[in-house]
Every structure is written in C-alpha cells, then in structure tokens.
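A short reminder: the numbers here are calculations on the coordinates, not readings from a lab. This is a predicted model, so every value here is computed, not measured. With ideal geometry, Cβ positions are generated from the backbone for all residues, glycine too; neighbour counts draw on all protein chains shown.
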Amino acid sequence: MLKELTQRTPFYDVWSKFVSKGDAHCVPTHVKQSWKRCREANVDPQKEANMMRIDQNSIRKRIDEHSDLHQLLQAHYKNVEKYFSFLPLSIFFSDRDGYILSITGHDRVLDRIKRSQQTEIIGSSVKEGIIGTTAPGICLEEKRFATVHAEEHYIRSIHWASCIATPIFDWEQNLLGCLDFTVTVKDAEKLKHLIPVLLNTANSIQFELSLKKKLEQLDLFHCYYRSTFDYSRSTLILVDERGQIIDLNRNAQEAFNVNSEYIKNKDIRSILGDKCNSEFLSKRFGGSKSFRGRTSGLYSTESIPIFDRSGNEVAFLLKLEKEKAPKVIPGGVPHRARHTFEGIIGTSPKMLNIVEKAKKAAKRGSNILLEGETGTGKELFAHAIHDESSYCGGPFVALNCAAIPSELIESELFGYEKGAYTGALHDGNTGKFELANGGTIFLDEIHTMDLSAQTKILRVIEDRQVTRIGGKYAIPLNIRIIVASSTNLEEKIERGLFIP
C-alpha cells in the first residue's frame, strides 16, 4: 500500500514532526485541532485506514430514515458527474454518525478509497476516531465546511487524497450529515474550483428538503383548516381585501344555496348585498353589522381581518349568525323599517346633500334629530337611517307622540307591570323602549310631549336603561333614538317648553 502513495509534499515533514514529537507548528488551525483529537483518541497514524463498517440492515435503516434526502442526493450526484466528467472525482454522503450511505464517482478514485480502507465503502465510518483527520471527519465534528489536503490527513495511508466537505442540515438546522468531494493529490488544484459547486449543491439540497417540509406542513394545515372551517357551527365566508370570495364553509353554502366552486372569486355583495362594502370589511369597522342576504334572510355579521407577516390586511373572515324573527306586538306586525335610502327619490343637489349627511349620521350610531314641516318625509328618513345603520338587525319602533294622550305617554314608552294601576292590562305591557331594544326607536312630533315625560326620556337616554311603571328592576337598553319635530325646537327651548 505504501509504495502506491503519491510523491510527498513539503508538508510531510510537518506531519512527521507532529506524529513523532507532537509539534504542530505551521499547521492550519482546523487541521491542528483535528490532529490533537486524533492523538487523544489514540489513532495510529501509521496504520491502514481500515474503516469500521455497519451491516446491511443498519445501512438500509439509516437510508430509509431520510429517504427524501437520499433521493435528492442521487439527482444531484448525476448533475455533478454530468458537468465534471473530465475530473476523476468521488462524491459521497455520510450521515451525522459518520457512516457513508451513498457514493458515486470515477472508478480510479473509488478504487483508491476502497484499497485504502480495505473494506466496502458503503457503511464504513469517516469519524475522526476511526480514520483520523479527513474533511468529512472535521465537518461532522465542527459542523462547518472543511478542506484537508495530502499530508494534512492524520493517517499516512490517506495522504494520496485531497478532499472538501460541507454539512447538510434539515429545516430545523439539525445536522443530517455531510457531502464530500474527493480527488487524488495531483488534481487538488482543480478541486479548489469545485468548492462553490459543493456548497451550492448542499444548499440546494437543504432548500429542497425545507421546501418539502413546508409543503407537508401546509398540506397538514390545509387539512386542519378544511375540517375546522367546514365543521364550524358558525356560517363562515373568507374573502380577500377586494371583497372577492375565497371560500365558504358548508353552513354558508347551505344558507345561501350556493356551490363553493361556483361562487369562489365572485363579489361578496352577490350574496350579502351592497351594504357589505369595503368600509365594513375594513378593520376600522368595530363590532358587527346586520345584512339581509339576497336569498336567505337577515344575518348578524362580524368581519375579522386577517393580516400577513408584514401587518397588511390580506383577507377577512365573515362570521354570520342568522337572526331570530323580529318582535311582534300581539295582533300587530313585525317592527321593521320599510324604507331605504335607495327608495328616496330626489335629484336636486340639496336633496342629495341631505341624503349623504343622513347616511354618514346613520353609520355613527349617535341619536338623531330630524326637523321639517309635516309631509316632508321625516319618517321615511328615520326608516332609511335605521336600515343603513349597525342597528338594522334589530327592531324599528315608531311612535307618534302627538297621537298619544299625555297621561298615557309614559306607559306607552316605558311599559308597566301587572297591576301597576287601575285599568292596566292583566299581564302588564311592554313599552316602546323595551320593544326597540337592540334597534331603533323613532319618536315623531317630539315637541308635543310634556316636560314631565321629556325629563324621564332624558334619564333613559343618559342611563341607557328603562324601568317599567310599577317595576322594581331597570332593563338595560342598546338602542338608537331618532326624534322628529315639525316645529323649530330652538324657539320652544327659548320659551321653556322643551328641555335641550
């Protein structure tokens, strides 16, 4: 074996001094550290390499453990061999424990490796404690790129080789093993030009492994999303930032009688109507809003913004809940607004300006005063404001204060308990404020109300609660109050006939 060694380089004397005396002067740091580890492990520098080898079952088990990696290695081996067929080169991969699991290359180099090791290459070990200093041995020990040339190898029988090696990590930066390029010493200068190829090959393998893992996670996430999305008890619609439908769960498909594949990429307004605009989808909208679906009734809808990693809105999850039937007065009709802004006919600049102001006021949620002569459409505007507001899912209760005798106005507004006064209904009565809870109450001709009733209404507005006549407990209210007057209230305030 020794007579086959290549001609010695000047570094041979440096190696000899370390082997005989432990003198590591002029030795590259990474080689020096490896030599010291080999010396401490009692590796014989004069012996044949004679690698330790695992059995076939162990080899197969290790390959199967990372089958994706080995498929990628085979593909990259072919690419390197194709473009560098002119260079006698061996390429091999050893796992994190140092066992060579795959190898390819020029027969001349492979034969040289096999004769040096005196054993089969696949399954043999490149660990420092077994064959001394080599590029793959240092690479696995220090988890970094390494190059070892000629007499830098600790064991003399490998001085014929020049090798470079780089680690390969998984997507979590756990060491999988290392990739090695080996040539004979006479081709060492050419090997230097292959360093970028080695590094790029390893990086490419790592990227492909990471990509595959991320795709697997994405597939798993999609399965989780699909099952969670479809089997949620809520009615859910996912839309993009433009309002285009991305997905619907099963409840949404049933509620709106649509097929998810057919409705995807359609505008959300195609099923929720024109009120579901960009303002609603925006994160600036707080709380929920009610919509009357084009085919399936009234829904309370919450828009939940979805952000990308940069904090940009990229989608919205609409959570819809079917609203219960509106409250009905015994013998009466449901409390619902009957008019919308679309039904207000008028093209004059003044009318268009009033409508625009009313729309803005509707969205703010504050209480509203409508002034105008009798017959100018104050109630029509009250209906439209309710329909445009976030209270549209609740009842719309209207009361003409001028039509109610002053002695009955309080019982009409606040309601009363059983036996509250002589002549009261046997089971008591629900007042208009209570009937309007969750929606809008419209008090027309408010200027006709006496000061006593005005004072009590102000208390309701301030406290946001009402107590029935004869009742013990206050009832919390969540309502909007719209009042209307056909006279100038400022004049009545100046005369002390109306409380501001």
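Between the amide H of Phe169 and those of Leu176, distances stay under 5 Å, these residues lying 5 or more places away or on another chain, with hydrogens modeled in the peptide plane.
With the simple model of a label 7 Å out from the Cα in the direction of the Cβ, Ser210 to Thr347 spans 6.4 nm. In this structure, the pairs whose alpha-carbon distance is over 24 Å, taken from Lys360/Lys432; Lys432/Lys456; Lys17/Lys47; Lys47/Lys127; Lys212/Lys266, are Lys360/Lys432; Lys212/Lys266.
For the pair Lys472 and Leu497, label points projected 7 Å from Cα toward Cβ lie 4.3 nm apart. In region 341-494, the DSSP beta bridges split such that about 25 percent are antiparallel, to the nearest 5.
Would you order His222, His106 from fewest to most other beta-carbon atoms within 10 Å of each residue's own beta-carbon?
His222, His106
Within straight-line reach of Lys186, meaning a Cα separation under 17 Å, sit the following aspartates and glutamates at least 8 residues removed in sequence or on another chain: Glu4, Asp107, Asp111, Glu151, Glu152.
In a DSSP loop and with at most 15 other Cβ atoms within 10 Å, the GluC sites (Glu not before Pro) in region 352-400 are Glu373. Neighbour counts of other Cβ atoms within 10 Å put Ile499, Ile368, Ile385 in the fewest-to-most order Ile499, Ile368, Ile385. Once the mean of 1/r is taken over each pair of separate Cα atoms and inverted, region 351-443 shows a Kirkwood hydrodynamic radius of 14.8 Å.
Computed extension length for Lys266-Gln33: 77.3 nm, one decimal, from 0.36 nm per residue of separation with the Cα-Cα distance subtracted. Applying 1/(1 + (r/R0)^6) with R0 = 45 Å to the Cβ-Cβ distance of Tyr12 and Ser58 gives a FRET efficiency near 0.75.
Need one number: % antiparallel among DSSP beta bridges in the chain, to the nearest 5.
80
Note on His70 and Leu408: their simple-model spin labels are 9.3 nm apart, each label 7 Å out from Cα toward Cβ. Multiplying the residue separation of Thr487 and Leu220 by 0.36 nm and removing their Cα-Cα distance gives an extension gain of 89.4 nm. For GluC sites (Glu not before Pro), the sites in region 144-231 that DSSP calls loop and that have at most 16 other Cβ atoms within 10 Å are Glu172. Quick one: plug the Kirkwood hydrodynamic radius of region 2-213 (C-alpha pairs) into Stokes-Einstein at 37 °C, 0.692 mPa s, and report D in µm²/s. In µm²/s, the coefficient rounds to 190.
Given the rule -39500 (n - 2.57) for each run of at least 4 DSSP H residues, summed and divided by the residues of the chain, what is its mean residue ellipticity at 222 nm, to the nearest 500 deg cm²/dmol?
Computed ellipticity for the chain at 222 nm equals -11000 deg cm²/dmol.
Among the trypsin sites (Lys or Arg not before Pro) in region 202-259, those placed in a DSSP loop whose Cβ has at most 11 other Cβ atoms within 10 Å are Arg233, Arg242. Per-residue Karplus couplings for region 145-162, computed as 6.51 cos²θ - 1.76 cosθ + 1.60 with θ equal to phi - 60°, are listed in order as 4, 9, 10, 9, 10, 6, 6, 6, 5, 6, 8, 4, 5, 10, 5, 6, 9, 10 Hz, Gly and Pro entered as x. What residues of region 147-165 lie in the reach of a label at Asp23, counting those whose backbone N is under 20 Å from a point 7 Å from the Cα along Cα→Cβ? Only 151-156 pass the distance filter. If you plug the beta carbon distance of Arg364 and Glu241 into 1/(1 + (r/R0)^6) with R0 = 30 Å, you get a FRET efficiency near 0.75. As a calculated quantity, the FRET efficiency between Glu302 and Lys143 at R0 = 51 Å, using C-beta atoms, amounts to about 0.50. Available extension along the chain between Thr376 and Lys82 is 97.0 nm, counting 0.36 nm per residue and deducting the alpha carbon span. Proximity of backbone amide H atoms, modeled 1.01 Å from N, is registered between Gly431 and Gly415, Tyr416 at under 5 Å, excluding neighbours fewer than 5 places apart on the same chain. Principal semi-axes of the equivalent ellipsoid, √(5λ) from the alpha carbon gyration tensor of the chain, are 89, 22, 21 Å from largest down. Positive-end ranking of Leu489, Ser58, Thr340 along the dipole of the chain, with charges on Cβ about the Cα centre, is headed by Ser58. Neighbours of Lys212 by Cβ distance under 11 Å: Lys/Arg scored +1, Asp/Glu scored -1, total -3.
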